[in-house]
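Below: one structure, written as structure tokens.
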Amino acid sequence: MSNALSVVEAAGEGNASRAVRIENGGGEMIGVQQVVRVVSGGVYRLSASVRSVATNDSSVMFGGRVACYMAGQKERELVWMSEYNYWWRKELVFTNETFDGAAVVYAHMGYGRFASTGEFTDIRLEVLR
């Protein structure tokens, strides 16, 4: 299987109608990213729903990840390391401690160098205050 990105139906996941499918047959990092504006002292919620399309065997490693990178501070991340073929939602609340400017939000497969196929939907970085 070669690495590929596509948009697919997100059947069974709440209000989301589309998902990004990331096919990662070789275990390399492959994904999508978007630059967003953040403010110093802002409180944010990073959230997403992810599922495996390969298996529902929790002993098989998955390697899906959604993260927010802001220069000068630790990366904020949501990690899915076990294979589940149903939508699994995670969220994290954090404070931007350092600067006003650009941050990068990204979703990718290949975390831990595991080869699999995952679907990502409803990826959000929301301002809480």
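For segment 88-111, give me each residue that is more than 14 Å from the chain's Cα centre (by Cα) and modelled with pLDDT of 90 or more. Step through it out loud before you land on a result.
So in segment 88-111, the residues more than 14 Å from the chain's Cα centre (by Cα) come out as 93-103.
Of everything in segment 88-111, those that are more than 14 Å from the chain's Cα centre (by Cα) and modelled with pLDDT of 90 or more turn out to be V93, F94, T95, N96, D100, G101, A102, A103.
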Only one of (1) among the aliphatic types (A, V, I, L, M); (2) surrounded by 12 or more Cβ atoms within 10 Å (Cβ to Cβ); (3) without any contact (Cβ under 8 Å) to a residue 40 or more places away in the chain; (4) more than 19 Å from G110 (Cβ to Cβ) is not met by A11, so which one is it?
-> (2)
Tell me, which strands (runs of 3 or more DSSP E) wholly within segment 70-129 include 1 or more residues that are free of Cβ contacts under 8 Å to residues at least 60 places away in the same chain and closer than 18 Å to V20 by Cα?
-> 76-82, 88-95
For segment 14-53, enumerate the residues that are under 15 Å from R65 (Cβ atoms), open to solvent by less than 30 Å² (accessible area, probe 1.4 Å) and among the small types (G, A, S).
-> G27, S47, A48, S49, S52
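Would you point out which residue out of N56, N85 is exposed (fewer than 13 other Cβ atoms within 10 Å of the Cβ), at pLDDT below 95 and farther than 25 Å from R129 by Cα? Don't jump to the end; show me each part of the working.
Numbers: N85 fails: exposed (fewer than 13 other Cβ atoms within 10 Å of the Cβ).
Going through N56, N85 in turn, the sole match is N56.
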Residue within segment 34-53 that is touching a Leu at 6+ places or on another chain (Cβ under 6 Å), basic (K, R) and more than 23 Å from A115 (Cα to Cα) present = yes
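Residue check: is L128 loosely packed, with under 13 Cβ neighbours inside 10 Å and modelled with pLDDT of 95 or more?
Values: loosely packed, with under 13 Cβ neighbours inside 10 Å: yes; modelled with pLDDT of 95 or more: yes.
Yes: the conditions hold for L128.
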Return the total of residues in segment 1-25 being in a strand (DSSP E or B) and not acidic (D, E).
-> 11
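Confirm whether S6 is more than 16 Å from M109 (Cα to Cα) and either open to solvent by 30 Å² or more (accessible area, probe 1.4 Å) or of a type in the set (K, R) (or both). Explain how you work it out, then say what you get.
Details: more than 16 Å from M109 (Cα to Cα): no; either open to solvent by 30 Å² or more (accessible area, probe 1.4 Å) or of a type in the set (K, R) (or both): yes.
In short, no.
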Could you look through segment 26-59, keep only residues that are charged (D, E, K, R) and outside any strand (DSSP E or B), and pick out the one that is nearest to the chain's Cα centre (by Cα)?
-> E28
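Here's a check for you: in segment 65-82, which residue that is in contact with a Leu (Cβ under 9 Å, 6 or more places away or on another chain) and closer than 16 Å to D122 by Cα is most open to solvent (accessible area, probe 1.4 Å)?
So the first thing to find is which residues in segment 65-82 are in contact with a Leu (Cβ under 9 Å, 6 or more places away or on another chain), and the list is 65-68, 76-78.
Then drop every residue that is not closer than 16 Å to D122 by Cα, which leaves 65-68, 77-78.
Numbers: R65: 18, V66: 0, A67: 0, C68: 0, E77: 73, L78: 8 Å².
It comes out as E77.
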State which residue is surrounded by the fewest Cβ atoms within 10 Å (Cβ to Cβ) when the search covers only segment 88-108 and only residues that are among the hydroxyl-bearing types (S, T, Y) and touching a strand residue (DSSP E or B) at 6+ places or on another chain (Cβ under 9 Å).
-> T95
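The values are calculated or read from the model by the stated rules, or taken from the named source; none is laboratory data. Just so it is clear, the structure is predicted and the values come from calculations on it, not from any experiment. Every residue, glycine among them, receives a Cβ derived from its backbone with ideal geometry; neighbour counts consider all protein chains shown. When the accessible area is computed, the model is the full protein with side chains, heavy atoms only, and any ligands, DNA or RNA have been set aside. Shrake-Rupley method; radii C 1.70, N 1.55, O 1.52, S 1.80 Å.
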